[in-house]
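Here is the structure we will look at, set down as structure tokens.
The values are calculated or read from the model by the stated rules, or taken from the named source; none is laboratory data. It should be emphasised that the depicted structure is a prediction, and the values quoted were computed from it without experimental measurement. Ideal geometry is used to build each Cβ from the backbone, glycine not excepted, and the neighbour counts take in all protein chains shown.
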Amino acid sequence: MQALYDVPAPAKINLFLHVVGKRADGYHLLQSIFALIDWADRLHFEIRSDGRLQRHDSGPCSDCLPPDDLCLRAARLLQQQSGCKFGADIQIEKNLPAGAGMGGGSSDAASTLLALNRLWGLNWPRRKLLELGLQLGADVPFFIGGQNALVEGIGEILHPIKLPQQRFALLKPAQGISTREIFSSPLLARSDFLAIVAGFPAYTQDLGPDKSSAAGLDRFDSRHAEILGSGFGRNDLQKPAEACCEEVVQALAMLKDRFGNSRMTGSGSAVFARIEDEASLSDQPLFSQNLPAGWIGKTCNSLDRHPLQGWAAD
């Protein structure tokens, strides 16, 4: 195998995001549902025999990529840990905006690990790739895991779940948000973990004591997943974001006015709404045609699983 082309790196949205604690090292503990959507970057890989790793950029959001992004760091880490002598030319068609809270960089890194694992003939199991992913960032293991998931810890504890098919409208304002500013804000709320569990009593019973991200758990009751995926909870980072970014307030209001609901995803400035009535799209021009300069709008469908879910053995 000499090349892999058109490798998808899909985005995710946080259907809710609760801050439930803080570790001694300062990292916040979260509980969230990550849902995959069909808005994606596209990556192309060609093998090199000289061991060099080079990135080539294209796409509407390519100017947001730093010189040494998570994609290159993922390739370098896999090369070092495996002792592989091959390199790769990596082209990223960057469609996902930076700073959106949709995991674009983490998804690129995960797809890079999955693709190079195959291209270089390493055939590492998912467990080993998950360990590498966590070294790169808290969201990377989710995309390697390949399924929608209830996520805990700092993002490394994954409980795969089934979610109902959904359609979303997303808005990414031009203005970005400092994650550090959000998490240090006095407006940052903290959710009551026990109250969340009490609301879904099958939680501990279905998942059991094993919370390893490599466990491949798929026992979360789908009825509870439907409840969680249809408007449950909130994003605890939203109030601090609204305080420091007026465009987030505007975007939330635009979506709520159009679709009757809105919520911020992750710690970036992107917001989303569930599209519950297709007439809301057909009775007037799409909202993306009337956006302020620098804003990005898109309608997306949820995914049942990651397109590369079968690229690593469990």
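What residue, among those in region 70-113 that are among the aliphatic types (A, V, I, L, M) and part of a loop (DSSP other than H, G, I, E, B), is surrounded by the fewest Cβ atoms within 10 Å (Cβ to Cβ)? Can you show your working first?
Our first condition is that a residue be among the aliphatic types (A, V, I, L, M); within region 70-113, this holds for 70, 72, 74-75, 77-78, 88, 90, 92, 96, 98, 100, 102, 109-110, 113.
Still in the list and also part of a loop (DSSP other than H, G, I, E, B): 96, 98, 100, 102.
Numbers: LEU96: 25, ALA98: 17, ALA100: 27, MET102: 27.
Residue satisfying both the conditions and the ranking: ALA98.
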Does ASN123 meet the test of being surrounded by fewer than 24 Cβ atoms within 10 Å (Cβ to Cβ), in contact (Cβ under 8 Å) with a residue 24 or more places away in the chain and not charged (D, E, K, R)?
-> yes
With the first residue restricted to region 40-61 and required to be at pLDDT below 95, and the second required to be small (Gly, Ala, Ser) and assigned to a loop (DSSP other than H, G, I, E, B), Cβ contacts under 8 Å at 6 or more apart or on different chains are CYS61/ALA98
Residues of region 226-241 being within 12 Å of SER32 (Cα to Cα) and at pLDDT below 60, which ones?
-> LEU228, GLY229
Verdict on LYS128 being over 30 Å from GLN238 (Cβ atoms), in a loop (DSSP other than H, G, I, E, B) and not polar (S, T, N, Q) = no
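Could you tell me whether any residue of region 153-169 is among the aromatic types (Phe, Trp, Tyr), at pLDDT below 90 and either assigned to a helix (DSSP H, G or I) or surrounded by 21 or more Cβ atoms within 10 Å (Cβ to Cβ) (or both)?
No, because not a single residue in region 153-169 is among the aromatic types (Phe, Trp, Tyr), at pLDDT below 90 and either assigned to a helix (DSSP H, G or I) or surrounded by 21 or more Cβ atoms within 10 Å (Cβ to Cβ) (or both).
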Identify, by number, the condition in (1) more than 17 Å from ASP236 (Cβ to Cβ); (2) part of a strand (DSSP E or B); (3) not charged (D, E, K, R) that ALA24 doesn't meet.
-> (2)
